[in-house]
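See structure below.
The values are calculated or read from the model by the stated rules, or taken from the named source; none is laboratory data. The model shown is predicted, which means the values in this text are computed figures rather than measured ones. Neighbour counts run over all protein chains shown; Cβ positions are idealised from the backbone, glycine included. All accessible areas refer to the heavy atoms of the entire protein, side chains included, with ligands and DNA or RNA removed. Shrake-Rupley method; radii C 1.70, N 1.55, O 1.52, S 1.80 Å.
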Amino acid sequence: MQVFGLVGSPVSHSLSPPLHGAAYEELGMDAKYVTFEPDGEDLAPAIEGARALGIRGLNVTIPFKRDALEFCEPDDLTERIGAVNTLDFGGNEITGHNTDAVGVTRALAHHRVSPSGRAVVVGAGGAGRAAAFALADEGTTVEIANRTTERATDLAGEIDGATGHGLDELENLLADADVLVNATSVGMDSDETPVPPEALHSDLAVLDAVYSPIETRLLREAASAGATAIDGGWMLLYQGVAAFERWTGRAAPVDVMNEALRARILSDNGSN
Ligand code: NAP
């Protein structure tokens, strides 16, 4: 049996087991996806132990995404982002990857959005960093707006051509933007949005990293403005698809994984 897993804390409500489990079932794989919640000081032995036991790969989530960098050889994008969410034990060394970044670009591509002009990323935390570096690598001019302006300008300073701003500049920034990514936690479990609705327009594609609820206020207002609205389930799906494909070398059954993910998000929201 092939074993894959997730390290983080907490992980009990993780959507990764049903996401990956659906792929194993669809492809008839003898495989299992297991969640682990080590203490922080045990991260190194947990990763080494997982590898020694023959676990094929681990996802990494909060609070270990930065610390896990120390225990792997990150790819170039992952090193620049400064956070890893996928460890691959398949080679001679443990390699680290940030599939949240891939999740952003593949979620946009799935909706036939090819970022090329100006992209606005709201948020400068982990998801904001992944989105900003990924969009810059696609060739867009990235504007980063954050509640704490200094964090936005610091992040922008790490990315060629990017500029940092406060949230009060969003309306101006969005006027001639093609892509907006909400990478703040605003809208998660509350009907709030970090973006003034009058700033939204029909030439925008709006990706909300928030996936609970699946339809956020931002996305409702984006759809009303005629924008392309892309929910956080797509980003979550494609970060998992990228990890699955890296670990197994097989094409992921994307539709089946998407169905399983959405069914679980809806049932979790119903039971909360
Ligand atoms: P994080 O590192 O803690 O960053 C949080 C960000 O939200 C910061 O930029 C913070 O601004 C901003 N923020 C928090 N409360 C705010 C408020 N009331 N008003 C304005 N800005 C506020 O978190 P993260 O890991 O980046 O996650 C952010 C969101 O993305 C979460 O909802 C998470 O679930 C989601 N996410 C989704 C995926 C996916 O696959 N769909 C992947 C990763 C994360 P300050 O800097 O000013 O504090």
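Look at segment 136-157: where a residue is closer than 20 Å to ASP76 by Cβ, no partner that is modelled with pLDDT under 95 and part of a helix (DSSP H, G or I) sits 6+ places away or on another chain with Cβ atoms under 8 Å.
Here is the figure for segment 169-195: residues that are away from the ligand (no atom under 13 Å from the Cβ), open to solvent by 10 Å² or more (accessible area, probe 1.4 Å) and in contact with a Leu (Cβ under 8 Å, 6 or more places away or on another chain) total 1.
The single condition among (1) away from the ligand (no atom under 13 Å from the Cβ); (2) surrounded by fewer than 16 Cβ atoms within 10 Å (Cβ to Cβ); (3) over 18 Å from ALA242 (Cβ atoms) that GLY166 does not satisfy is (1). The residue of segment 201-224 that is surrounded by the fewest Cβ atoms within 10 Å (Cβ to Cβ), among those that are of a type in the set (Ser, Thr, Tyr) and touching a residue at least 40 places away in the same chain (Cβ under 8 Å), is SER212. For segment 246-272, the tally of residues that are surrounded by fewer than 16 Cβ atoms within 10 Å (Cβ to Cβ), at pLDDT 95 or above, among the hydrophobic types (A, V, I, L, M, F, W, C) and within 15 Å of PRO18 (Cβ to Cβ) stands at 2. Looking at GLU150, GLU198 in this structure, which one is within 23 Å of ALA225 (Cα to Cα), open to solvent by 60 Å² or more (accessible area, probe 1.4 Å), assigned to a helix (DSSP H, G or I) and modelled with pLDDT of 95 or more? Within the list GLU150, GLU198, the selection yields GLU198.
From ASP203, ASP191, ASP168, ASP231, which residue is touching a strand residue (DSSP E or B) at 6+ places or on another chain (Cβ under 8 Å) and at pLDDT 95 or above? Going through ASP203, ASP191, ASP168, ASP231 in turn, just one is touching a strand residue (DSSP E or B) at 6+ places or on another chain (Cβ under 8 Å) and at pLDDT 95 or above: ASP231.
Of all residues in segment 148-171, those satisfying the criterion of being farther than 16 Å from GLY82 by Cβ and of a type in the set (A, V, I, L, M) are LEU167, LEU170.
Based on what the data block shows, is ALA243 buried (at least 20 other Cβ atoms within 10 Å of the Cβ) and within 15 Å of the ligand (Cβ to nearest atom)? Against the criterion (buried (at least 20 other Cβ atoms within 10 Å of the Cβ) and within 15 Å of the ligand (Cβ to nearest atom)), ALA243 qualifies.
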